[in-house]
Structures are given as structure tokens and as C-alpha cells.
Amino acid sequence: MRKIARLAACALGVCTAPAPAYENFIEIGPSFATADIETAGIDDTASGFGLDARGRVFVEGGAFLQGDVSLAFTDGTYRATDYDFDRHVARLGVGAAGGVGEGTIMSAIWAEIAWADTSLDPEGASATGDDELGGGVHLRFDRRDDDARFLPYAQIGYLAFEDFDGLEAKLGVRLNLVRYSPYVEARYADLGASEAGGNVEFRPLRLHAGVRLRF
């Protein structure tokens, strides 16, 4: 229990581990995107490509501001009908970071507001779309070691939009170089909603490769 309490305190940026070197950064790169869609009228997986960009700026101590934009352009075929399914999400959050244990693990926790733009364009029909406002909370752990070549990280969070809510997880690893840091990661969300016609499930997956630029 003491260890769990310590981890929670470090996630809030109030632990007594040696202060890690906070770094401002921008990350950007392409993604391969899929979306499993299950409703009363469709059960299919759309796939395509996208773009991810995010940045973090520390304002004082371990407190930071963070922005995240993800664009996904996917398509599929259901019952001989081709369709385009695009979903774009922008997020803005505020949080705190701190060291865990000997300071070789960086923990961060933040809350965010999010805006999602979703559009479905079946072949031969006009596009239908929906704008949603929502938010989320996330907890992330990064390995911090100047001598290590590879730095893994993991993240878990909860998202809630006007029509969907559910869990989101991320796993990745960065290559530790001096001025920049290439990385690969997978981000997965399991979002659900209830409608008059039954339950709706929406599970987006993004396989993303990019580079972190420090400043």
C-alpha cells in the first residue's frame, strides 16, 4: 500500500524523488489508422492513414500545458457499398509531472478538453458528420535514463465525448538521441454509447511513427 501511495503521489508531481530534467518537446509523424465500428446497421473495420502531432511546454516546475492533434482518413466496404470514415481529434490539457523512485521513471498526470470531428461519406450519398466536445484524464509513465538507448513508455486514460466514452491506452518506445528522438507507438481506444436502436461500439487503433524534437 505504501508503494501504491507513493506512485500516486509522484503522478501528481509531489514525490520526493530527485527532480528529473523536464523537457519541452514537439512530436510529429504519420500513422496507420483503423476503426472497428459496430452498430445495429453496420459491423465493419475501416482502415487508412493519418497524421499525429503533439507538444508539451513546462510552465513552472513540473506543471505543463499539452496539445495533441490526430487526423485519420479511413475507408472501407460494407455490403458492396464503399464508404469514407474520417475522424479528427484535437486536445488541450494541463497537468503535472514528477520523478518516481530514483528518478529514472517520469510520471505525468493531466486533464484535457477534446474536440472530435467525425464524418461518414457512403458512395453515392452526401456526407454526414458530427462534432463532439468532450474531455479526458490520463496517467503516463516514461523511462528516463541518459545512458539507455531505448526508452519505453505507457499511458492509460479515460475519454468522454457527448456520444461516446471509454478507455484509451498507449504503448511506445523512443530511441534516445541527443537533439531528437524517433519513436514508435500504438494508441487504442474502446468507446461505446447506447442508442434507441441498441449499443454502438467504436474502437480506433493507431500505429504511429514519428520524431520528438526538444526545445
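In region 80-107, the residues that are touching a residue at least 40 places away in the same chain (Cβ under 8 Å) and under 20 Å from Arg187 (Cα atoms) reach residues that are buried (at least 17 other Cβ atoms within 10 Å of the Cβ) and of a type in the set (Lys, Arg) with C-beta atoms within less than 6 angstrom, at least six apart or across chains, in these pairs: Met106/Arg144. Are any residues in region 156-189 open to solvent by 60 Å² or more (accessible area, probe 1.4 Å) and modelled with pLDDT of 95 or more, and if so, which ones? Of everything in region 156-189, those that are open to solvent by 60 Å² or more (accessible area, probe 1.4 Å) and modelled with pLDDT of 95 or more turn out to be Ile156, Tyr158, Leu167, Leu171, Val184, Tyr188.
Taking first residues from region 167-183 that are over 15 Å from Phe141 (Cα atoms) and partners that are of a type in the set (Asp, Glu) and part of a loop (DSSP other than H, G, I, E, B), the Cβ contacts under 9 Å between residues at least 6 apart in sequence or on separate chains come to Asn176/Asp145; Asn176/Asp146; Asn176/Asp147. For Gly48, the stated conditions hold: it is part of a strand (DSSP E or B) and closer than 26 Å to Tyr188 by Cβ.
The values are calculated or read from the model by the stated rules, or taken from the named source; none is laboratory data. None of the values given here were measured: they were computed from a predicted structure. Ideal geometry is used to build each Cβ from the backbone, glycine not excepted, and the neighbour counts take in all protein chains shown. Areas reflect the complete protein model, heavy atoms only, side chains present, ligands, DNA and RNA absent. Shrake-Rupley method; radii C 1.70, N 1.55, O 1.52, S 1.80 Å.
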